[in-house]
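Report on the structure given below.
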């Protein structure tokens, strides 16, 4: 489908502000100007905080609408009620004891339970990997995972050649070399993405 | 003056502009094969034709940190997909785990609709913040994948190991999942848990493969050149170290 290319005055203004601000910020890393850099970062931090509040409102509005529309009422109602309750408890109680109670007895156990689910999901995914993609890379992946799991136990560390030679070689040489290679690729991608935005080729601000 | 930063910036800009103009002169695209992107391109077309929904998760990358770049790639792909699928029966949905990304996602979808004169079809809940911590974000995405008839699940952004919960939901709802992240543990998880994992810098190639713009292709070529230069430099320095040790 072809764009109708409607002219909007907002587009060039947003683009100019984004490019000028981005180039100024980049320039402060080449020619150090701490005053400008700190001021710009402070502005952005304030905007990020405002965006966080907007995000919370978005979450409440989406789930509030789901409750009104009768879609998955239990989960959405629980989220909205818990969020409103947490807000008022934190807002009204200066001792923060109920807030601490909520953190210790609700949030931490729920997140721990999700980590437990995550472990099961990962184990299941690893088993499925062999049947879904039975190739050399999958074999290396699974072998390395199993080896690292075993080698990091007390028993694995006590086995002579595995514990003191092969395990350090795998984790310090092979794994860190691979990680560095991936991170170099990520860093290059990050640089080009930033430069595309500064050049106006990418406009994630709606322009 | 920081000369290294200056050289890196101008070197990259020069290479990107060179390939941008160079690619204009030669017909066709010149990209290495990343089958995951071809399969996703097909899945997007199928989703548009059969009226099912495409879900794009942009992750939890803070825009103020280097992780923001991964989220920007997700937003570029969201713009492309929103343009292609905006008049579908079930328009695309975006989910994020960061307030600022939520605003950007809604704005990106809205601007795609506006460019097509379809603003009446736009709804603000097409871009959702599903949670602000890793697990709450993942927990918020799971019902979205199940309830909204999602057939293609794109996870392009910054995700940690919580990605496994989302990919597992995608698998159970029989949605095709393409996943890429800049986070190392997240990449390991995605490699095991998705049909189409993308490794390392392949995340940043999405725009070039989905035809978001010519500059995406040019920047991919620039990335490739610099990567080979760095690889060569690492090998030479290792060789120099060995020779220094020998003599």
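The values are calculated or read from the model by the stated rules, or taken from the named source; none is laboratory data. It should be emphasised that the depicted structure is a prediction, and the values quoted were computed from it without experimental measurement. Please note: Cβ atoms are built from the backbone with ideal geometry, for glycine as well, and neighbour counts cover all protein chains shown.
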Residue in region B:25-36 that is surrounded by 14 or more Cβ atoms within 10 Å (Cβ to Cβ), modelled with pLDDT of 85 or more and closer than 28 Å to residue B:161 by Cα present: yes
Subset tally (residues that are within 29 Å of residue B:137 (Cα to Cα) and exposed (fewer than 13 other Cβ atoms within 10 Å of the Cβ)) for region A:124-145: 1
Name the one entry in B:163, B:192, B:175, B:169 that is farther than 30 Å from residue B:219 by Cα and surrounded by 23 or more Cβ atoms within 10 Å (Cβ to Cβ). B:175
What single numbered condition from (1) surrounded by fewer than 24 Cβ atoms within 10 Å (Cβ to Cβ); (2) more than 11 Å from chain A (Cβ to nearest Cβ) fails to hold for residue B:84? (2)
Hey, could you check region B:107-126 for residues that are within 8 Å of chain A (Cβ to nearest Cβ) and under 20 Å from the mean Cα position of the chain (by Cα) and say which is farthest from residue A:62 (Cα to Cα)? B:111
Restrict the check to region B:22-33 and report whether at least one residue is closer than 20 Å to residue B:194 by Cα and in contact with a strand residue (DSSP E or B) (Cβ under 8 Å, 6 or more places away or on another chain). no
Is it the case that some residue within region B:80-88 is in contact (Cβ under 8 Å) with a residue 60 or more places away in the chain and out of contact with any strand residue (DSSP E or B) (no Cβ under 7 Å at 6 or more places or on another chain)? yes
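Have a look at A:193, A:144 and point out the one that is over 25 Å from the mean Cα position of the chain (by Cα), assigned to a helix (DSSP H, G or I) and either facing chain B (nearest Cβ under 8 Å) or free of Cβ contacts under 8 Å to residues at least 40 places away in the same chain (or both). Break it down stepwise before answering.
Numbers: A:193 fails: over 25 Å from the mean Cα position of the chain (by Cα).
After applying the criteria, what remains is A:144.
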Got a number for residues in region B:18-57 being within 18 Å of the chain's Cα centre (by Cα) and over 30 Å from residue B:91 (Cα atoms)? 1
Residue B:129: passes all of (1) closer than 20 Å to residue A:67 by Cβ; (2) free of Cβ contacts under 8 Å to residues at least 40 places away in the same chain; (3) surrounded by fewer than 24 Cβ atoms within 10 Å (Cβ to Cβ) but (3)
Residue pairs, Cβ under 8 Å, 6 or more apart or interchain, first in region A:51-65 and more than 14 Å from residue A:83 (Cβ to Cβ), second surrounded by fewer than 15 Cβ atoms within 10 Å (Cβ to Cβ). List them. A:65/B:125
